[in-house]
Amino acid sequence: MERDDVLPVLYDLAVTIGSEISVKPLLTRTLQRLLYHTSFSAGFICLDVPPCRKADGQLEVRLDAVVGDFDLIGVIGKTIALPCALICETAGPETGQAALLSALRCAQTQYRVYLRLPIDHCGVIVLLAVERPETKLPLTTMLQPVLAHLAKAIMLCRNNDAHTSGLINQRDLLEKVFESSHSGVMITDAEGRIVEVNPAFTRITGYASDEVYGRNPNLLASGRHDHEFYREMWDDIRTSGHWEGEIWNRRKNGEVYPCWLNINPVQDANGALLYYVGMFSDISKRKEAEAQIHQLAFYDPLTDLPNRRLLIERLQQAFAFGMRSGQHGAVLFLDLDNFKTLNDTRGHDVGDQLLSEVAKRLNKCVRDGDTVARLGGDEFVVVLESLSSAPDEAAAQADAVAEKIRDDLSMPYLLADYTCHTTPSIGVVLFRGQQQSLDEVMKFADTAMYQAKTAGRNTIRFYDPVMQAAVEARAELEDDLRNSLELRQLELFYQIQMDNRNHPIGAEALLRWRHPVRGLISPAQFIPLAEETGLIIPVGLWVLRTACAQLDTWQGDELTQNLTLAVNVSAKQFRQPDFVAQVRRTLAESGAKPGLLKLELTESIVLEDAEDAIAKMRELKEAGVSFSMDDFGTGYSSLQYLKRLPLDQIKIDQSFVRDIVTDSNGAAIVQTIIAMGEILGLNVIAEGVETEVQREFLDLRGCHAFQGFLYGRPVPIRDFEARLKEENNVRL
């Protein structure tokens, strides 16, 4: 290169450097021009070269640009080890250069000379050649102005790359969000023409992007919103710069669906409107889920009627309306008669069908503003509103609706090819405003319904204060019964059992309740209450323990040591899983002889779950306990199970004994029971024996054990034992 050629070269290099805005093309094009003008065959550029510590050492550098050598091009961007002398020092003699270049292991070409051009505070350019190009000019000095210009260009390009990279990353991120968003996005220009949509828009609406470009978003309108709705929407956008809310749109296939929509305008730096951006999501599933949750929370799943929770809300609203209007309302509490029998005989599927049909008929019997609810089972409640402000007229109106309900529900039902008949018992109570509490109204209606049941079913009864007083008395009696054990108010009476020689053979323990205020309460009054409330379980256990303790006491007296003691067992008590263990434990703790304890069971207890009953009875029989079947013949007897039961005795019910002499049917039944007992090897005892004629009749036909008023009434233990001593003295 001659001196006259330098200026054009420098100019060409300056133009090349100044035309680039990014580092990578700047380095590559600069290197290309240098090789072209200097006739070197290859070259590389390293930026950010660390300072050299040892002239004879190695330096880790990164190749930022390479031209002319395919092997070196393969390591662009990678870090390689090069001699410090090659990177940091001025080129020496040609022989020395060849030795340095031999360390360039990543290049297959055997370079012998190089030219090192430092870039001010930025890095270094190394030009490589097999032979030194012909030139008389000091290239390092001549190219220094261009390299200074290159250093400034590198700094400017780096800044630009950093800024551009941020913009590109931001653009890529926004594009990914736009493309992958689950929400539909629609962008319109200032005139409202659609200019862009995302894939979610197509998925939700069914419209492809090319089908909506240039069109107005009103192509999605469902027709459910009036002009006023849209006017308010655009007023909000203009005043607050935003609108958000629920809106119904229409898909391409015509399906109308709910969505949640956000609309925001986009403006330039001067505030001029550029675009509108709408983002929306299909909320159909959410709305369906909300509807299902509401249905489950407030409606009965079988009949779709309001449940107890919604009924309470409706009643509260009715109370508030009555307070404002002065009009009466009414609650009709109804229960289906004999529904349990239908369920037990025809199955729950048929029972459910009946309840669904009842719900439909009830809805037809009332006005739109009234409420029909199902509380559970076969219990329904009807709330009537806007009745007359005059009590007698309101009662007549409520009675008319109740009569219509009674008539409609009494019509036949065709259920699964089975014609069913049922009737309702309906209790009615009036209310107005807050004269009674909600709980009181429901309680009064329930009470009235039970009055209807008591009156013979298929009837209507209005709430009667006298009946309420009876219910409250029953509740008080229940509370007293709960405390009776703790207060030691219960006691056992004993009724003697005799053989045909007038010898005492045992007794039946009968429960009595001696109340401090009410006096001696009849078992017929409190035993059913104990059964209903479950109190019969702790009470029954107390009876068993007391009876066993008495048996143990009798062991010390020759007069009583051979007497058996019969104890009645309730159904709930017998069905307890630990009943056998209770009896065993009670016998062990009391010390009573198991052979003298006789447990009396009814047919219904045994036959309801015969296999379980047989298993329990056998366990206790092994322990020495005996069994008697009480009230034999009054229930549904099954000879198939009767012959398998480990019984010791059957007891003829007093209802057969009472008219045994005058009622031929009763006499025949008694003789059959006695004969059955003989065949099965069971003892037979008759209860309710009150006359000598009855005793003789029974004795002649093979029943030789008796219990009844002929021998004595149930009495406290001291009277019973006194009676035994008298009998013994008479015999002596």
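The residue that is modelled with the highest pLDDT, counting only those in the stretch 89-127 that are among the acidic types (Asp, Glu) and part of a loop (DSSP other than H, G, I, E, B), is Asp120. For the stretch 249-260, what are the residues that are under 21 Å from Asn198 (Cβ atoms) and either assigned to a strand (DSSP E or B) or touching a residue at least 60 places away in the same chain (Cβ under 8 Å) (or both)? Those that are under 21 Å from Asn198 (Cβ atoms) and either assigned to a strand (DSSP E or B) or touching a residue at least 60 places away in the same chain (Cβ under 8 Å) (or both): Asn249, Arg250, Tyr257, Pro258, Cys259, Trp260.
Determine whether the stretch 505-519 contains at least one residue that is of a type in the set (Asp, Glu) and assigned to a strand (DSSP E or B). Looking for residues that are of a type in the set (Asp, Glu) and assigned to a strand (DSSP E or B), one finds at least one in the stretch 505-519, hence yes.
The residues in the stretch 670-682 that are over 57 Å from the mean Cα position of the chain (by Cα) and under 20 Å from Gln707 (Cα atoms) can be counted, and the count is 6. Return yes or no: is Gln550 farther than 24 Å from Glu478 by Cβ and outside any helix (DSSP H, G or I)? The answer is no for Gln550.
Yes or no: the stretch 621-636 includes at least one residue that is closer than 18 Å to Glu508 by Cβ, modelled with pLDDT under 85 and of a type in the set (Phe, Trp, Tyr). Yes, because at least one residue in the stretch 621-636 is closer than 18 Å to Glu508 by Cβ, modelled with pLDDT under 85 and of a type in the set (Phe, Trp, Tyr). Pairing each residue of the stretch 131-156 that is in the same structural domain as Leu34 (by TED's automatic domain parsing) and outside any loop (DSSP other than H, G, I, E, B) with any residue that is basic (Lys, Arg) and exposed (fewer than 15 other Cβ atoms within 10 Å of the Cβ), provided the two are 6+ apart or on different chains, yields C-beta distances under 9 Å for Met142/Arg3.
How about the stretch 9-24: which of its residues are in a helix (DSSP H, G or I) and hydrophobic (A, V, I, L, M, F, W, C)?
Of everything in the stretch 9-24, those that are in a helix (DSSP H, G or I) and hydrophobic (A, V, I, L, M, F, W, C) turn out to be Val9, Leu10, Leu13, Ala14, Val15, Ile17, Val23.
Looking only at residues of the stretch 468-524 that are within 30 Å of Leu597 (Cα to Cα) and of a type in the set (S, T, N, Q), we find that the one that is surrounded by the most Cβ atoms within 10 Å (Cβ to Cβ) is Gln497.
Specify which of the listed residues (Glu486, Glu440) is over 28 Å from Arg718 (Cβ atoms) and of a type outside the set (Gly, Ala, Ser). Lay out the reasoning, then the answer.
Values: Glu486 fails: over 28 Å from Arg718 (Cβ atoms).
Result of the check over Glu486, Glu440: Glu440.
Being under 22 Å from Pro523 (Cβ atoms), touching a helix residue (DSSP H, G or I) at 6+ places or on another chain (Cβ under 8 Å), assigned to a loop (DSSP other than H, G, I, E, B) and free of Cβ contacts under 8 Å to residues at least 40 places away in the same chain is a condition met by at least one residue of the stretch 575-587.
Let's see how each residue does on (1) more than 14 Å from Thr188 (Cβ to Cβ); (2) surrounded by 14 or more Cβ atoms within 10 Å (Cβ to Cβ); (3) not assigned by TED's automatic domain parsing to the domain that holds Val195:
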residue: Tyr213; (1), (2), (3): no, no, no
residue: Asn218; (1), (2), (3): no, no, no
residue: Arg238; (1), (2), (3): yes, no, no
residue: Trp248; (1), (2), (3): yes, yes, no
residue: Glu255; (1), (2), (3): yes, no, no
residue: Cys259; (1), (2), (3): yes, yes, no
residue: Ile263; (1), (2), (3): no, yes, no
residue: Leu273; (1), (2), (3): no, no, no
residue: Val277; (1), (2), (3): no, yes, no
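Of the numbered criteria (1) assigned to a loop (DSSP other than H, G, I, E, B); (2) touching a residue at least 40 places away in the same chain (Cβ under 8 Å); (3) surrounded by fewer than 16 Cβ atoms within 10 Å (Cβ to Cβ), the one Lys364 fails is (1).
Given the condition among the acidic types (Asp, Glu) and assigned to a helix (DSSP H, G or I), answer yes or no: does some residue in the stretch 289-303 qualify?
yes
Residue pairs whose Cβ atoms lie under 7 Å apart, separated by 6 or more positions or on different chains, with the first residue in the stretch 57-71 and in contact (Cβ under 8 Å) with a residue 60 or more places away in the chain and the second part of a loop (DSSP other than H, G, I, E, B) and surrounded by 15 or more Cβ atoms within 10 Å (Cβ to Cβ), are Gly68/Ser41.
Within the stretch 403-423, residues that are in the same structural domain as Arg361 (by TED's automatic domain parsing) and within 19 Å of Arg346 (Cα to Cα) have Cβ atoms under 8 Å from residues that are of a type in the set (Phe, Trp, Tyr) and modelled with pLDDT of 90 or more in these pairs: Thr419/Tyr413; Cys420/Tyr413; His421/Tyr413; Thr422/Tyr413, counting only partners at least 6 apart in sequence or on another chain. Considering the stretch 322-361, and only residues there that are surrounded by 12 or more Cβ atoms within 10 Å (Cβ to Cβ) and of a type in the set (Asp, Glu), the residue that is farthest from Phe431 (Cα to Cα) turns out to be Asp352.
Looking only at residues in the stretch 561-572 that are touching a residue at least 12 places away in the same chain (Cβ under 8 Å) and more than 17 Å from Leu492 (Cα to Cα), the one that is farthest from the chain's Cα centre (by Cα) is Asn562.
Just checking, does the stretch 520-537 include any residue being outside any helix (DSSP H, G or I), more than 24 Å from Asp648 (Cβ to Cβ) and hydroxyl-bearing (Ser, Thr, Tyr)? Among the residues of the stretch 520-537, at least one is outside any helix (DSSP H, G or I), more than 24 Å from Asp648 (Cβ to Cβ) and hydroxyl-bearing (Ser, Thr, Tyr), which makes the answer yes.
Okay, residues lined up against (1) touching a residue at least 60 places away in the same chain (Cβ under 8 Å); (2) not small (Gly, Ala, Ser):
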residue: Asn665; (1), (2): no, yes
residue: Ala668; (1), (2): no, no
residue: Ile674; (1), (2): no, yes
residue: Ile685; (1), (2): yes, yes
residue: Ala705; (1), (2): yes, no
residue: Tyr711; (1), (2): yes, yes
residue: Leu724; (1), (2): yes, yes
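Quick one: which residue in Glu532, Glu608 is surrounded by fewer than 16 Cβ atoms within 10 Å (Cβ to Cβ), over 20 Å from Ser626 (Cβ atoms) and in the same structural domain as Glu690 (by TED's automatic domain parsing)? Of the residues listed, the single one that is surrounded by fewer than 16 Cβ atoms within 10 Å (Cβ to Cβ), over 20 Å from Ser626 (Cβ atoms) and in the same structural domain as Glu690 (by TED's automatic domain parsing) is Glu608.
To keep it simple, each residue is scored yes or no on (1) more than 30 Å from Ala208 (Cα to Cα); (2) free of Cβ contacts under 8 Å to residues at least 12 places away in the same chain.
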position: Ser240; (1), (2): yes, yes
position: Asn262; (1), (2): no, no
position: Gly271; (1), (2): yes, yes
position: Tyr276; (1), (2): no, no
position: Ala291; (1), (2): yes, yes
position: Thr303; (1), (2): yes, no
position: Leu311; (1), (2): yes, no
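Taken as a whole, the condition of being part of a strand (DSSP E or B) and either at pLDDT below 90 or under 27 Å from the mean Cα position of the chain (by Cα) (or both) applies to Leu274. Look at Val212 and say whether it is in contact (Cβ under 8 Å) with a residue 60 or more places away in the chain, touching a strand residue (DSSP E or B) at 6+ places or on another chain (Cβ under 6 Å) and not acidic (Asp, Glu). Criteria not met by Val212. Among the residues of the stretch 510-553, those that are without any contact (Cβ under 8 Å) to a residue 24 or more places away in the chain and over 16 Å from Leu487 (Cα atoms) comprise Ser522, Pro523, Ala524, Ile527, Pro528, Glu532, Thr553. Apart from one condition, Ile652 fits all of (1) surrounded by 15 or more Cβ atoms within 10 Å (Cβ to Cβ); (2) more than 52 Å from the chain's Cα centre (by Cα); (3) at positive phi; the exception is (3).
The values are calculated or read from the model by the stated rules, or taken from the named source; none is laboratory data. Note that this is a predicted model, so its numbers are computed, not measured. Note that each Cβ is placed from the backbone with ideal geometry, even for glycine, and that neighbours are counted across all protein chains shown.
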